[in-house]
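**Student:** If you scroll down you'll find the structure; I have some questions about it.
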Amino acid sequence: MKSRFSILCLLVNILLISCEQAPQYYEVSGRLHTPYHIKFEHTKPLDKEIDEQLKYFYHLFNAFDSTSVISQVNQNRDIRVDTLFQKVFKKALEVSAETNGAYDVTCAPLINLWGFGFSRKDSVTPAHIDSVRQFIGFQKVRLEGDRIVKDDPRLMMNGLRYDSPNAGEERGP
């Protein structure tokens, strides 16, 4: 009797295992602000899910989209930020502090002063730099509850990201 039960259990397990789809590799490519190419192993394609998550992230952190959350913060709109924004913002401040400001989430005015790729480097003077320094500094922005609070309304945050500042191709003045 035990052996019949064991055989039955074995057959049921084999049947269940054979019904599972084996994982395979998939690739998803596209372009939002910059091109992306993702390779992953899964039991089914995840194109739609990946696209939705990238668009969501893009909506939060794209400083070049006037409707994004970070742009609304930069425009001093009274906006609540979600938990993902809060998490990335906290990490950006942490990195800013650990690097003593070498990475500063608020250096957008300097980037704008020089232009993307330092296209205006010959026209920037020490006086220009000093004029924007007064409202730059990661210590001048903080999270209070679910809102970003800036000590100076002229303070602007860069897109909150961990890659190089020239990852995008379009950057406004």
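**Student:** Kindly state, to the nearest 0.05, the FRET efficiency for Glu52 paired with Arg80, given R0 = 25 Å and r defined as their beta-carbon distance.
**Tutor:** Values: r = 21 Å, r/R0 = 0.84.
Approximately 0.75, to the nearest 0.05.
**Student:** For Ser66 and Ala22, what is the calculated FRET efficiency with R₀ set at 35 Å and r taken between the beta-carbons, to the nearest 0.05?
**Tutor:** Efficiency for this residue pair is about 0.15.
**Student:** Multiplying the sequence separation of Lys87 and Asn112 by 0.36 nm and subtracting their Cα-Cα distance, what value in nm do you get? The partial results should precede the final answer.
**Tutor:** Values: separation 25, 0.36 × 25 = 9.00 nm, distance 2.56 nm.
Residue separation times 0.36 nm, minus the Cα-Cα distance, leaves 6.4 nm.
**Student:** Given H placed 1.01 Å from N in the peptide plane, which residues other than close sequence neighbours of Arg147 have an amide H under 5 Å from its amide H?
**Tutor:** Long-range HN contacts for Arg147: Val81.
**Student:** Along the stretch 41-55, what does the Karplus equation 6.51 cos²θ - 1.76 cosθ + 1.60 (θ = phi - 60°) give for ³J(HN,Hα), rounded to whole Hz, x for Gly and Pro?
**Tutor:** 10, 7, 8, 7, x, 10, 3, 5, 5, 5, 4, 4, 5, 5, 5
**Student:** Still on this structure, I have one more. Could you go through the stretch 130-145 in sequence order and give the Karplus-derived ³J(HN,Hα) for each residue, using 6.51 cos²θ - 1.76 cosθ + 1.60 with θ = phi - 60°, rounded to whole Hz, and x for Gly and Pro?
**Tutor:** For the stretch 130-145, the Karplus-derived couplings read 4, 5, 9, 4, 5, 10, 10, x, 4, 6, 9, 9, 7, 9, 10, x Hz, x marking Gly and Pro.
**Student:** Right, here's the next one. Report the full-extension gain for the segment Asp146 to Val124: residue separation times 0.36 nm, less the Cα-Cα distance, to one decimal in nm.
**Tutor:** Details: separation 22, 0.36 × 22 = 7.92 nm, distance 3.66 nm.
Working it through step by step, the gained length comes to 4.3 nm.
**Student:** A follow-up question, please. Sorting Lys55, Lys150 on the 10 Å Cβ count, fewest up front, what's the list? Intermediate values should be presented prior to the final figure.
**Tutor:** Working: Lys55 12, Lys150 17.
Exposure proxy ranking, most exposed first: Lys55, Lys150.
**Student:** State, to one decimal in nm, how far the label point of Glu98 lies from the label point of Gln139, with both points 7 Å from Cα in the Cβ direction.
**Tutor:** So the label points at Glu98 and Gln139 sit 2.0 nm apart.
**Student:** Would you kindly derive the ³J(HN,Hα) couplings of the stretch 90-99 from the backbone phi angles with the Karplus curve 6.51 cos²θ - 1.76 cosθ + 1.60 (θ = phi - 60°), listing them in order in whole Hz, with x for Gly and Pro?
**Tutor:** Karplus-based 3J(HN,Hα) across the stretch 90-99 equals 4, 5, 5, 5, 4, 5, 4, 5, 5, 9 Hz.
**Student:** Another one. So how long is each side of the stretch 70-156 along the principal axes, counting just the alpha-carbon atoms, biggest first, in Å?
**Tutor:** 41, 28, 22
Only the coordinates and a few stated rules stand behind these numbers; no lab work does. Only a predicted model underlies this, so the values are computations on that prediction, with no experimental measurement involved. Every residue, glycine among them, receives a Cβ derived from its backbone with ideal geometry; neighbour counts consider all protein chains shown.
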